[in-house]
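Structure first, then comments.
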Amino acid sequence: MQPDSLLHTTLPFEHLQELPHFDFAIDVDAPVNQIIQQFNQNKFIPGVIVTSRNKFFGMLSRRLCFEALSKPFGLEVYSKRSIRDLYIHIGVPPLILNEDTRIEEAVRLALLRSPRDIYEPIVVRGRDSHRIIDMQTLLQSQCDLLTHLYSEVQQLSLKDPLTNTWNRRGFFQAAQTPVKKCISESQSVCALMIDIDKFKRVNDFYGHFVGDQVLKYVARECHFCIRESDILGRFGGEEFIILLPSTDLNEACQVAERIRNHMEQQKIYVNGYQISITVSIGVSDIMQSRGSIDLLFTQADEALYSAKWAGRNQVVIYDPGNGYRLNENASKTTCAVFRKGDPQIEPPDEARIYDETIEGWAHALELRDKESHGHSHRVTSMTISLAHLMGIDDREMVNVRRGALLHDIGKIAIPDNILFKPGKLTQDEWEIMKKHPVYAYELLFPITYLKQAIDIPYCHHERWDGSGYPRGLKGEEIPLTARIFSLVDVWDALGTDRCYRPAWSAQEIRKYLSEQAGIQFDPTITTIFLEYLEELEQKGTQLLTEMNQQAHFLVLNNPVM
């Protein structure tokens, strides 16, 4: 049972157009007898729309109408007259609100009326019609809305907003009933305490946004590995807890091992990073906690601590007689010998080491060229965003990110007097400069894990019309990722101050990119990119600022620097 299942209730009405209404109408020049007849035939209608030549004229409420007619000689005076005369005599204009008015606002405006008219029905103005809503319906809808909001706030206080699982308080509250039921029926209950191994490294290296995505992924995968009747919660930080009602210790260990093994096999793809994680799990049984829920979770937590001490990526069972023991049904990897003072050596996270190395190379390039400070991370972030729009798969995004960070790695072979020459390069110097994509290819191709990322460093100076370098590729001969990156690279370069020119304005950059579509750049990608830039500008500069801040964060907080 998860907290989101409790929120799947029918939402109350929020706008006037959704409420039940009455649309009885009568012409203003009709005799008063007709409106009396209308009210007598339909005893539940609160009022009638009055029209003139099929256009809205006003509204007569049941109460005000009968109030006027019940006065001495009122019926005799108005029974032979038109509704217009009666309407003018009553002289109370209705409250008219647009159909998209929110219910709480409608209630506020309705209650601002004079005490005499406070319970009069209101008129709702639609696109081509007018309808009547009585105050009872309006106030009931307000009550329903407040009740729903109260229930929602109450549920949110029990739910972890990031992972959409129970928070600690909600978990303990949800666990009470199934635990008591199992104890009363002499059934076993087990608990799993789960911790993501070395999660701090994920936050420190990749940033908290990526860390949050990892937490959401772990919660989702844990949910897939358990039954509907089991209860999953976030215990705090990177720890999760699972209650397994009607489950013996052997079955609980199987569930724990299934989760542990599943996490070990998975690769998590976020923002162009490939992240591998493992989890440690402690298992406890209600039979060992003497029926105490608090002690059940405490023992699971102690077993988890033992799993961490044993070298992580372990399933450990709480056993009061023999201390703690590794799960005997686990895989060979998990069932390594558990000796005090001899923790296991965890296999290195290859993906993280690769990324640390790439970040270090990118930083070294920027240290060499002060003008390009932050450039690699800015273009990487924007390239990933554009690649998503172009439908590139998340797994391929790892290579996109690596290639974007290393797009100028070949410049390490270019002499400083050419690379940093303030004036125009000679023809011979330009020929040397044009070799840097080839140098990038020669440097990266022998490295196995970077072969798939070579397209951007090798091909980002190719042009759509075939006039680029180093190979003169044309059109779709140029790899898609290189076509995406070349556009972003020019966009960032033109928007940055250089020693030989100031940064261009956003309007100038868009004009240039548009003019070069079909010449330098892929026209389809250019159109999508310009639309994306326009969307960002419409939302303000906030998204671009956050993107630059993220790049700045990576530059300042890279652990290899």
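Mind checking the range 206-238 for GluC sites (Glu not before Pro) that DSSP puts in a loop (not H, G, I, E or B) and that have at most 16 other Cβ atoms within 10 Å?
When the GluC sites (Glu not before Pro) of the range 206-238 are filtered for loop state and at most 16 Cβ neighbours within 10 Å, E228 remain.
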task: Pull out a ≥ b ≥ c, the square roots of the eigenvalues of the alpha-carbon gyration tensor of the range 168-346, then state rounded if a/c is under 1.5, prolate if not and a/b is larger than b/c, and oblate in the remaining case.
output: oblate
message: Students often check this: by mean Cβ neighbours within 10 Å, which of 70-83, 467-480, 516-529 ranks highest, and how do the rest follow?
response: 516-529, 467-480, 70-83
task: First measure r as the distance between the Cβ atoms of Q266 and E429, then evaluate 1/(1 + (r/R0)^6) with R0 = 41 Å and state the FRET efficiency to the nearest 0.05.
output: 0.25
- prompt: Hey, what angle do you get for helix 350-368 against the long axis of the chain, alpha-carbon based, 0 to 90 degrees rounded to 10?
  reply: 80 degrees
task: Report ³J(HN,Hα) in whole Hz for each residue of the range 114-119, in order, from the Karplus equation J = 6.51 cos²θ - 1.76 cosθ + 1.60 where θ = phi - 60°; Gly and Pro get x.
output: 4, x, 5, 10, 5, 9
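For a test of the definition: using alpha carbon positions, the gyration tensor, and the 1.5 limit on a/c, classify the chain as rounded, prolate or oblate.
The shape class here is oblate.
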- prompt: What spacing in nm lies between the two simple spin-label points modelled at H208 and Q176, each 7 Å away from Cα in the Cβ direction?
  reply: 3.3 nm
task: Return the FRET efficiency for the residue pair E221, S246: r is the Cβ-Cβ distance, R0 is 22 Å, and the value is rounded to the nearest 0.05.
output: 0.45
task: Give the share of C-alpha pairs in each 5 angstrom bin for the range 352-557, from 0 to the last occupied bin, in whole percents, shortest bins first.
output: 1, 7, 14, 20, 22, 19, 11, 4, 1, 0
statement: Expressed in angstrom and ordered largest first, the alpha-carbon extents of the range 16-143 along the principal axes are 42, 31, 24
- line: With 0.36 nm assigned to each residue of separation and the Cα-Cα distance removed, Q452 to S276 gains 61.5 nm
query: What FRET efficiency comes out for the pair Q154/N42, r = Cβ-Cβ distance, R0 = 41 Å, nearest 0.05?
result: 0.50
field: Over 24 Å (Cα to Cα) - which of K421/K511; K267/K474; K159/K180; K43/K71 fall in this group
entry: K421/K511; K267/K474
message: Amide H of G291 versus every other amide H placed in the peptide plane: which residues, excluding those fewer than 5 positions away on the same chain, fall under 5 Å?
response: none
statement: Two pseudo-spin positions, 7 Å from Cα along C-beta at S82 and at L109, lie apart in nanometres by 2.9 nm
- prompt: Given Cα pairs under 8 Å that are at least 6 residues apart, what percent is the relative contact order of the chain?
  reply: 10 percent
Ranking of L146, L19, L192 by count of other Cβ atoms within 10 Å, fewest first: L146, L19, L192
- request: Report ³J(HN,Hα) in whole Hz for each residue of the range 395-402, in order, from the Karplus equation J = 6.51 cos²θ - 1.76 cosθ + 1.60 where θ = phi - 60°; Gly and Pro get x.
  value: 5, 5, 4, 4, 6, 4, 4, 5
query: Given 0.36 nm per residue, what is the gain on full extension from K198 to E67 after removing their alpha carbon distance, in nm?
result: 39.4 nm
- request: About the Cα centre of the chain, how large is the charge dipole given +1 on each Lys and Arg Cβ and -1 on each Asp and Glu Cβ? Please answer in debye to the nearest 20.
  value: 1080 debye
- request: Taking amide H positions as placed in the peptide plane 1.01 Å from N, state which residues far from L60 in sequence (5 or more) or on other chains have amide H under 5 Å from it.
  value: V48, V50
message: Spelling out what I want: for every residue of the range 208-225, take phi, set θ = phi - 60°, compute 6.51 cos²θ - 1.76 cosθ + 1.60 (Karplus), and round to whole Hz; glycine and proline get x.
response: 6, 4, 5, x, 5, 5, 5, 4, 5, 5, 4, 4, 5, 5, 4, 4, 5, 8
statement: For H89 and L139, extending 7 Å from Cα along the Cα-Cβ vector and measuring point to point gives, in nm, a value of 2.9 nm
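A short reminder: the numbers here are calculations on the coordinates, not readings from a lab. The structure presented is a predicted model; accordingly, all values stated were derived computationally and were not measured. Using ideal geometry, Cβ is built from the backbone for each residue, glycine included, and neighbour counts are taken over all protein chains shown.
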